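This report refers to the structure that appears directly beneath it.
The values are calculated or read from the model by the stated rules, or taken from the named source; none is laboratory data. Here the structure is a predicted model, which means the values were calculated and not measured. Virtual Cβ from ideal backbone geometry, glycine too; neighbours counted across all protein chains shown. Accessible surface areas use protein heavy atoms only, side chains included; no ligands, DNA or RNA. Shrake-Rupley method; radii C 1.70, N 1.55, O 1.52, S 1.80 Å.
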Amino acid sequence: MTAPLTSTRPLFGTARKVADAVLFEGYVLYPYRASAAKNRMRWQFGVLAPPAWAAASGEPAAQRTQILMEPRAGAVLHAELRFLHAQRRTVERALDGGRFEATDELPLPDRVLVPWDEGVEDRVELSVDVDALGGDGLVLPFSRPAHTGTEQVADADGRTVGRIVRRREPLEGVVRITAEELPGPYRVLRLTATVENTGDGTAAAREDALSHALISAHLMLALTAGSFISMTDPPEWARAAVAECRNEHTWPVLAGEDGAADVVLSSPIILEDHPQIAPESPGQLYDATEIDEILALRTAALTDDEKRQARGTDDRAAAVIDLADSMPPEVLERLHGAVRALREVTGPATAAPDVTSPDTPWWDPGADASVDPARDRVMVEGVSVGAGSRVVLRPGLRRSDAQDLFLHGRTAVVEAVLHDVDGAVHLAVTVEGDPGAEVRREQGRFLYFQPDELAPVEDS
């Protein structure tokens, strides 16, 4: 069956703020100039290429979300597919007689316009009764036609000095959603939502293929009655069914208001349940792997010429420059750090390390002779475990992310037993069979798990 487009925008609340960050992750990176090397290879996340290019390059043409849900009677599923449609922008210089010619740059007083691929926000919205998702479920094809537009560029005196030509190539795709009821005492459905690029565009280079691609594609889902089941921390009765779910090129997390489980964000970037944008963040800086404070300071320190180049690269880059230049000191100070939560201390007080000598800071492991990561041991399921012990990884008893869960059932070697300042114990491990284990060991880069996330291997 098919469903009409229906506005779903009021349904997703704070999930939309996180989805916006996903949509524009890496859109334009510091120093926000088209000439920067890291802005020449763009759009690494959530690219669904046209099938012909996907077959030749290995880049996916589809993504699949699979998650369990417990709908109540009369529940309606709302879905919103969001993506960017690449728009090729070329710059032309004005000639005599009303003619124009392509140019690599067009200097203006406040910016230098250059060719660039802009991202145009797009979405496909739908609503459907959950009871109608059996069998073939819902199939919703969509298409976007080619589009060309021009924008005149004038100098400070109002004279036309050039123009910008923008062109979008046609794009086609389909959203398929089905639901299968699972056996058991509870009414649980496995929801499968597939997004496919079905366009027939051919390309000799990735830059051309991107013109026909769904970029930063992600899906938001909401139930009017009922809830979804967490993929990272499901209840015990649902673990086996969750383990059978298959997600391809995307990962679904709970994203409802105030910890509710009625909204899911399925993202090409791995997130934890209920992700949030830091309230201190002053605006979109397009690089979620960096720290806002560092980016703001470095952006404000760009030269005037560099800022002109950035402003001419993209309107969103220009907004970042303006944000950094206008940020008041009190806003910048808020970015310096924040305490999210304080854990209540319920155990007995412990003596602080001896810090009488200024040459031995309190955080130096050598300052506390009562701990030795290479020799300390901890009891795990009645077995003494320490450096050199072999263990089986069983993440999921705490708030694990998807990358932890990928290691479930793998064996690992304990490298050290560590104690933090709150009294918690962590085991540093290297995964057996990891071809980079020796490099990680030499660099001291380990994975860390708590004792209740491990099980001893009998021969250890």
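Can you name the residue in region 176-212 that is among the small types (Gly, Ala, Ser) and at pLDDT 95 or above and is also most open to solvent (accessible area, probe 1.4 Å) among such residues?
Of the residues in region 176-212, the ones among the small types (Gly, Ala, Ser) are 179, 184, 193, 199, 201, 203-205, 209, 211.
In the following step, the residues that additionally are at pLDDT 95 or above were identified as 179, 193.
Details: 179: 17, 193: 1 Å².
For region 176-212, the residue satisfying everything is 179.
You will find that of 388, 423, the residue that is at pLDDT 90 or above, assigned to a loop (DSSP other than H, G, I, E, B) and more than 29 Å from residue 254 (Cβ to Cβ) is 388 and no other.
Only residues that are open to solvent by 40 Å² or more (accessible area, probe 1.4 Å), of a type outside the set (A, V, I, L, M) and assigned to a loop (DSSP other than H, G, I, E, B) were counted across region 248-280, and they come to 6. The lone criterion from (1) within 30 Å of residue 47 (Cβ to Cβ); (2) among the hydrophobic types (A, V, I, L, M, F, W, C); (3) touching a helix residue (DSSP H, G or I) at 6+ places or on another chain (Cβ under 8 Å); (4) at pLDDT below 95 left unmet by residue 220 is number (4). Considering 437, 412, 387, the condition of being in contact with a Phe, Trp or Tyr (Cβ under 9 Å, 6 or more places away or on another chain), open to solvent by less than 60 Å² (accessible area, probe 1.4 Å), of a type in the set (A, V, I, L, M, F, W, C) and at negative phi is satisfied by 412 alone. When you look at residue 124, is it in contact (Cβ under 8 Å) with a residue 60 or more places away in the chain and buried (at least 18 other Cβ atoms within 10 Å of the Cβ), yes or no? The answer is yes for residue 124. Restricting 146, 86 to residues that are of a type in the set (A, V, I, L, M), in contact (Cβ under 8 Å) with a residue 12 or more places away in the chain, surrounded by fewer than 12 Cβ atoms within 10 Å (Cβ to Cβ) and under 19 Å from residue 171 (Cα atoms) narrows the list to 146. Residue 166 - would you say it is basic (Lys, Arg) and open to solvent by less than 70 Å² (accessible area, probe 1.4 Å)? For residue 166, the condition - basic (Lys, Arg) and open to solvent by less than 70 Å² (accessible area, probe 1.4 Å) - is met.
Within region 101-116, restricting attention to residues that are surrounded by 18 or more Cβ atoms within 10 Å (Cβ to Cβ) and assigned to a strand (DSSP E or B), the residue that is farthest from the chain's Cα centre (by Cα) is 106.
Residue 53 falls short on exactly one of the conditions (1) out of contact with any helix residue (DSSP H, G or I) (no Cβ under 7 Å at 6 or more places or on another chain); (2) closer than 17 Å to residue 197 by Cα; (3) open to solvent by 30 Å² or more (accessible area, probe 1.4 Å), and that condition is (1).
Cβ separations smaller than 9 Å between residues 6+ apart or across chains give the following pairs from region 10-25 residues that are open to solvent by less than 30 Å² (accessible area, probe 1.4 Å) to residues that are part of a helix (DSSP H, G or I) and of a type in the set (Asp, Glu): 15/257.
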